Structure formats: C-alpha cells, structure tokens
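Engineer: Provided herewith is a single structure, encoded as structure tokens, for subsequent inquiry.
The values are calculated or read from the model by the stated rules, or taken from the named source; none is laboratory data. The shown structure was predicted, so the numbers you read here are calculated from the model rather than taken from an experiment. So basically every Cβ, Gly included, is an ideal-geometry build from the backbone, and we count neighbours across all protein chains shown. Note: areas computed on protein heavy atoms with side chains; ligands, DNA, RNA excluded. Shrake-Rupley method; radii C 1.70, N 1.55, O 1.52, S 1.80 Å.
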Amino acid sequence: MSNETITRQPFQAEVRQLLDIVINSLYTDREIFIRELVSNAADSLEKLRHLRLTETAVFQPDQEPQIEIATDEEAKTITIIDYGIGMTRDELVQNLGTIAHSGTKAFLQNLEAGASAAGNVIGRFGVGFYSVFMVAEKVKVFTHSWREAAEHLCWSSDGCGGYEIEEVPEQSRGCRIVIQLKEEHAEFAMPGRIKTILERYSNFVPFPILLAGERVNHVEALWLKNKSEVTGEQYNEFYKFVAHAWDEPRYRLHFSADAPLVINSLLFVPKENPERYGMGQMEPGVALYCRRVLIDPKPRGLLPEWLRFVKGVIDSDDLPLNISRESMQDSALVQKLGDVLTKRMIKMLEAESKNETEKYDDFFKAFSRFIKEGVAVDDKHRDALAKLLRFESSMTEPGVLTGFDEYLSRAKEGQKEIYYLVAASRSAIEAGPYLEAFRARGLEVIFLYEPIDEYVVSSLTEVAEKRLVSASSDDLNLGDAPPTEGEALSEADTTALCEWLKTTLGSSVESVRAGTRLVNSPAVALQPDGQMSPQMRAMMKAMNQDSGGLAKVILEINPRHALIRKLALRDKSASDELAPMIAEQIRDNALIAAGLLDTPTAMLARMEKVLTAAL
Ligand code: ADP
C-alpha cells in the first residue's frame, strides 16, 4: 500500500488528556466499554433509520439493521459490527480524534486532581468511544459511510498520542470495530463474559444484538408495560440504558394515560447532577417515541428546559409518525404532552417531599438549581414549583431545610407577608442588621444564599396570597414594637435628631427616620422600594456592570439606643466638630452592615479623629 493513502494524525490535546485518564485510571468497571460501543452502534442504526425517511440513495441499502458481536479467545479480540451510517474520512477525524462536546472540554480543563478523581469521571459520566482504551492494546475501526461515493477506510490507534487512517477496500456500510485486548484484560474475549455483560447492559437496545450469531437481547419497551410487571432492577437497568448513566435513579415516574392523550412514559431523576461538576448545560434527556418508534432522542421543546435533568421516555400514540424534528417544537400536541408530564413530575416530587422528607431534601440540595430556574422562568408552572422550594430560615438549624408550607404553618396570625433575606451565607445574615427586628417579634425570615434566588423571589412575588418581602425593604409594617430595654427619646427629640441628621448627611441618604424595628443596633440602612437589593448590587459590581451609582438608602434610627439618645441630647452647636463625624460614622456603619459601603477609605481618617476626641 502506498504511503499517500495513510494519514497519521495526533489526537487533539483534550483527547490525549482524556485517554491518559482512561488508560491510567483505577476504575474497576472496565466492562462499560462494551456498553459504550454497543450504544454507539445502536445510535448509528437509529440515525440510518431516520436518514432513510428522506434519503433515497444509500450505500448497500439491504443490510440488516442489527449489531453483530464476535470474540476470539485465542487472538484476544472482540469485534463489534453495525450496519449503520458509518463514517467518512472527515467524520473519523472529527468524531474519533477530537472532543466536540464543550462541556467535556471544560470539565477536563477544570479537572486538576489526579487518578482517584479520574476514576470518578469515568464512573460518573462515561467517556464514550475512548473507554475502549481501558482494555485495548489496539483498536481498528473499519468503516464505510452511508454516502455512496465515500471511501472504504480503516482508523486505527493504540490510544497513545495519535491514530492512522488508511484505505482498506471492501468495507460494508457501518462500522466494524476490532479490539485487540491487552494481555491482562483477555477475559473480555471469553464468550460467556461478554454475554453476561450484554445481558446486563443491552437489554433495551432497540435493535437485535447477535453474539456469535445468537440473539442476546429482547427488545423491551418497558414503558408500555404494567407497573406490576416490572421489577425495580429492570427499572434501574432501563434508566442506565436511556440515560447513559452509571448511577441509580433517585426517583421514577411510570405514568400512563388514555385520555385526553394516549401517553406511556417512564421518567427518572438521576442521583448525580453533572452540571454541579462543571459539565456545562445538559441536553434534554427525555426521548420522544410514537408507538415504540423513536422520533427524537433529545427533543427540545417537549419538556421545559428546567426539566433537562430528567431522563427517560415519553411515548404517545397520538403523534403522527412522520412528525419531523423541526416541526415538533411547534406542535400543539407535543406541547400538551410536555405539559401533562411536567405537571405529573411536579406532583410526584411534591408527594415524595411529604412521604420521605430527608430523601427529598437531599434531592433538593443536588438539584435546587433546576427548580429555581423553573420558578424564575416558567410562568405556567411557577406556583406549583414554589411548593418544591426548600431553604434554611431563621427558625431552622444550619443545614436543615424548610419549605413555604411549613413557613406558613408557623406564621403569626394575621401575618400577611413572607420575609426573606438574600446574602452570601447564613452567618452574613445573622451578623447583619436586618434580622433582629424579626427575631424580636418571633417572625420567621427565609434565608437565601444564591444569586439565582434574587430572580426566584422577584418572579414569585406571592405565595399562598402572601407577598414575598425582603427583610431589608423599607416598606414594612412589623406591628407593635417589641418590649425593649432603655427609654426611648421623646417624639420631639427624635424628630429633631432626624432632621439634623438629614441636614448633616445631605444627599448621601435618601431620608432619615425613626423606626421600631431595631433592637440592638443604633441605625440600619434600608432599601427604598424598587431599588436593587444590596446583594444584587454586589453581584452587578462583581460582573462589572452598572449598579446605578451609589446606593442611596433610607437611614432608620433606633431612638432607644444609647448612642442615638446621647447624640440627640448633645448640644450640637455650629462649632461642634465631633457630632457631624459621629453622624457620618453611624451612616457608614449601617452601610457596611448592609454590604453597601463602596469606598471605606474616607471612613478611616474620620475614625481616627473620633478616637482622638474620645481620649
Ligand atoms: P458520543 O457517542 O457520546 O457522541 P463517542 O466518543 O462514543 O461519543 O463517539 C463519538 C462520535 O463518534 C459519535 O458521536 C459518533 O458520531 C461517532 N461514532 C462512534 N461510534 C460510531 C459508530 N459505530 N458508527 C457511526 N458513528 C460512530
């Protein structure tokens, strides 16, 4: 063979990195490579089936849509054949020489830890085709694309550094993958071993799998069966198949209906949330079938985007078989289908949250992001989703979650509002100035710690007809003042002090007023109605976005606090230099507590003067 037909190419850097992990990892479930390759073969057959709906000219049109597997114990090889779409030269380079999925790329870049973490990578996410190098010394992929004019090719690699592509005549359409096993993994060439693996992993592959000419899988549409006919193990196996997953599902929803739509569906909530590990945004994970025939493995627009963590199958007799992937999104029927299942899913989760609280809370900790996203963007399901939200509050222990139902059951009689605070952490809230007024009155405040929570509360506005209000808002009527120690200033003195403070502080504050919410602090900075919360401002600032200039707050003073009383009763003559400095310091202290002081340096010089005066 002439040299021109052989191309030698290095793997893309990311592939080399991935292969390094694969080959050196201590991951023990090496057998998963079989499942990866068989599932690639099945995908390829599926793609061909789809293609043939529109393409008339296909290379070798009469090949059986099946997967054939052979082993040779002596030669220590496994061969996996499919008659699917195959690959052209460009496709070989693209698919088996690079990593296209940006999430995997990003993930690899983030992966700084060594081999032990690497084992988890494989365990958690699978690495597709490249997993074969856990057991292979050399791999050859013989292929011919479905395109008639394509070349007959062989891709080969030992998984170190690079691969070769050469022309090898007389290939069938599809792929024939020949795996030369490493000495220490020769067991995989034993027919019995492969059979066991196939039985475990490939029962749901919707094409016949033949091992040495014998059929090993029974095509089972589990979702069409009666619940009583399906075992827990079968459900779990099916989940692993549809989700390409290695974990066990947390929840499942096997749901059938006859009216108004014929629906058979089997949905799962995974154990792991890969988005938490920096894997990038997941694709939709629920496949759409019509009478057992796969229409779209990753339909967009079937379920709302926030449900992308759910895996499984939705099958409906009512869909037209020839519905195209493009027109699917606009189909009223598909939307209806998605809507029914979204409602069911929410209902299932709500029931689970009541039946097994701890298990649900654990789910929520891993998947809260999606529920919150749903509340923020999904108008249709927002109210139902609010019931699924969990959070800490001023009445829970750290780490213990509660929900709106519980909050409302503890609410004071006549309490018309639900109070919350968003901040970076529990300790930040507890050290902050806003909580004490609520504590003193026995009012519960919900604690929220994530940037997305700002969107959640602003889109929710109401729960069970009670307004959601930030505890840092100025627009609060908390009712009677709690009994406090110390005498309050007289009303006249208070008014005079407020006026003096406003004059002294000028335009740096919106207004100054006395209030009853404070217990231990002299003053608090409140957020005027409609103004961005301090947390939001901090976020905008971090993102270098315009946060609308300086925060202008309402300064609420505590007329029972010693500092305020002394300041009020002090003779603040024009020559008094100390009083204005103290006023400014009270304001700045309130701004610091609220996380709103942008430039603290001016404060330092003043502090020094005040301290000097104090001595
Ligand atoms: P994934 O299947 O998750 O995309 P893989 O690493 O397993 O990742 O495969 C990469 C790509 O190689 C596939 O997306 C597909 O385009 C191609 N491929 C793999 N195996 C086959 C096959 N048997 N027939 C056709 N194409 C294949």
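Engineer: About the Cα centre, and with charges only on the beta carbon of Lys, Arg (+1) and Asp, Glu (-1), how big is the dipole of region 3-215? Nearest 20 debye, please.
Structural biologist: Values: 21 positive and 32 negative charges, 113 e Å.
Using only the charged Cβ atoms, the result is roughly 540 debye.
Engineer: Just to confirm, what accessible area per residue do you get for the chain at 1.4 Å probe, in whole Å²?
Structural biologist: Details: 29260 Å² over 615 residues.
Here the per-residue accessible area is 48 Å².
Engineer: Based on the alpha-carbon gyration tensor of region 222-370 and its eigenvalue square roots a ≥ b ≥ c, which shape applies: rounded if a/c is under 1.5, prolate if not and a/b is larger than b/c, or oblate?
Structural biologist: Details: a/c = 1.61, a/b = 1.34, b/c = 1.20.
Prolate.
Engineer: Still on this structure: Once ligands and nucleic acids are excluded and a 1.4 Å probe is used, how much of residue 426 is accessible, expressed in Å² to the nearest 10?
Structural biologist: For residue 426, solvent-accessible area is about 30 Å².
Engineer: Once ligands and nucleic acids are excluded and a 1.4 Å probe is used, how much of residue 220 is accessible, expressed in Å² to the nearest 10?
Structural biologist: 40 Å²
Engineer: Peptides 33-45, 197-209: what's the order by average Cβ count within 10 Å, highest mean first?
Structural biologist: 33-45, 197-209
Engineer: Sticking with this one: Starting from the Cα of residue 164, step 7 Å toward the Cβ, then list every residue of region 124-158 with an amide N under 20 Å from that point.
Structural biologist: Correct set: 133, 136-144, 151-158.
Engineer: Listed highest first by mean packing, meaning other Cβ atoms within 10 Å per residue, what order do 232-242, 568-578, 79-89 come in? Please list the in-between numbers first.
Structural biologist: Values: 232-242: 17.8, 568-578: 11.2, 79-89: 22.9.
The peptides rank, most packed first, as 79-89, 232-242, 568-578.
Engineer: Taking the dipole about the Cα centre of the chain, with the C-beta of Lys and Arg at +1 and of Asp and Glu at -1, give me whichever of 243, 85, 154 is farthest to the positive side.
Structural biologist: The one lying farthest along the dipole's positive direction is 243.
Engineer: Could you work out Rg/(2.2 N^0.38 Å) for the chain, with Rg from alpha carbons only?
Structural biologist: Working: Rg = 32.5 Å, N = 615, 2.2 N^0.38 = 25.2 Å.
So the Cα radius of gyration is 1.29 times the expected 2.2 N^0.38 Å.
Engineer: State log₁₀ I(q)/I(0) for region 3-215 at q = 0.15, 0.16 Å⁻¹ as given by the Debye formula over alpha-carbon point scatterers of equal weight, solvent excluded.
Structural biologist: These q points yield log10 I(q)/I(0) values of -1.00, -1.14.
Engineer: Taking only complete DSSP H runs, can you tell me which helices of the chain stretch 24 Å or more along their own long axis by Cα positions and average at least -1.0 on the Kyte-Doolittle scale?
Structural biologist: Numbers: long enough: 32-51 (28 Å, 0.15); 332-355 (34 Å, -0.17); 357-377 (27 Å, -0.27).
Span-like helices, by this rule, are 32-51, 332-355, 357-377.
Engineer: Run the accessible area of the chain with a 1.4 Å probe and give the carbon-and-sulfur part as a rounded percent.
Structural biologist: Values: 14480 of 29260 Å².
Summing carbon and sulfur atoms, their accessible area is 49 percent of the total for the chain.
Engineer: In addition: Can you send over the solvent-accessible area of residue 298, 1.4 Å probe, protein chains only, in Å² to the nearest 10?
Structural biologist: Looks like 100 Å² after rounding.
Engineer: For 449, 163, give me the order by solvent-accessible area with a 1.4 Å probe, most accessible first, ignoring ligands, DNA and RNA. Let's see the in-between values first.
Structural biologist: Working: 449 70, 163 10 Å².
From most exposed to least exposed: 449, 163.
Engineer: Given 0.36 nm per residue, what is the gain on full extension from residue 55 to residue 571 after removing their alpha carbon distance, in nm?
Structural biologist: 176.4 nm
Engineer: Using +1 on the beta carbon of Lys and Arg, -1 on that of Asp and Glu, and nothing else charged, what's the dipole of region 362-516 about the Cα centre, debye to 20? Numbers along the way, then the final one.
Structural biologist: Working: 17 positive and 28 negative charges, 89 e Å.
With Lys and Arg at +1 and Asp and Glu at -1, about 420 debye.
Engineer: Just grab the label-to-label distance for residue 382 and residue 477, each label 7 Å out from Cα along the Cβ direction, in nm (one decimal).
Structural biologist: Distance between the two pseudo-spin positions: 2.5 nm.
Engineer: Quick check: with the 1.4 Å probe, what order do 316, 172 take by accessible area, largest first? All intermediate terms of the calculation are to be shown ahead of the outcome.
Structural biologist: On the way: 316 0, 172 50 Å².
Accessible-area ranking of 316, 172, largest first: 172, 316.
Engineer: To the nearest 0.05, what FRET efficiency results for residue 592 and residue 17 with a Förster distance of 41 Å applied to their C-beta separation?
Structural biologist: Numbers: r = 46 Å, r/R0 = 1.11.
With R0 = 41 Å, the Cβ-Cβ based efficiency is 0.35.
Engineer: Normalized C-alpha radius of gyration of region 179-284, against 2.2 N^0.38 Å? Could you put the intermediate results ahead of the total?
Structural biologist: On the way: Rg = 17.2 Å, N = 106, 2.2 N^0.38 = 12.9 Å.
Normalised Cα radius of gyration, region 179-284: 1.33.
Engineer: Sticking with this structure for a sec: Would you be so kind as to identify which of 198, 130, 297 lies farthest towards the positive end of the dipole of the chain, taking Lys and Arg as +1 and Asp and Glu as -1 on Cβ and the Cα centre as origin?
Structural biologist: Checked the options; the winner is 297.
Engineer: Distance in nm between label sites at residue 578 and residue 147, each 7 Å beyond Cα in the beta-carbon direction?
Structural biologist: 8.7 nm
Engineer: Here's something else I'd like to know. Lys/Arg Cβ at +1, Asp/Glu Cβ at -1, dipole of the chain taken about the Cα centre: which of 440, 216, 320 is farthest positive-ward?
Structural biologist: The Cα lying farthest towards the positive end belongs to 440.
Engineer: How far apart, in nm, are the 7 Å Cα→Cβ label points at residue 459 and residue 291?
Structural biologist: A separation of 3.8 nm, rounded to one decimal place.
Engineer: Same structure, new question: Please arrange 53, 611, 294, 288 by accessible surface area, largest first, computed with a 1.4 Å probe and ligands excluded.
Structural biologist: Details: 53 120, 611 95, 294 20, 288 0 Å².
Heavy-atom accessible area, descending, gives 53, 611, 294, 288.
Engineer: Compute, for region 222-370, the length of the dipole vector about the Cα centre, with Cβ point charges of +1 (Lys, Arg) and -1 (Asp, Glu) only. Units Debye, rounded to 20. Before the final figure, lay out the partial values.
Structural biologist: Working: 22 positive and 23 negative charges, 15 e Å.
That gives a dipole near 80 debye.
Engineer: Whole-Hz Karplus ³J(HN,Hα) for region 518-524, in order, using 6.51 cos²θ - 1.76 cosθ + 1.60 and θ = phi - 60°, x for Gly and Pro?
Structural biologist: 7, 10, 9, 9, x, 7, 9
Engineer: Based solely on its DSSP helices, what 222 nm [θ] is calculated for the chain when runs of n ≥ 4 H residues each add -39,500 (n - 2.57) and the sum is averaged over all residues, nearest 500 deg cm²/dmol? Numbers along the way, then the final one.
Structural biologist: On the way: 20 runs with 229 residues, N = 615.
It comes out at -11500 deg cm²/dmol, rounded to the nearest 500.
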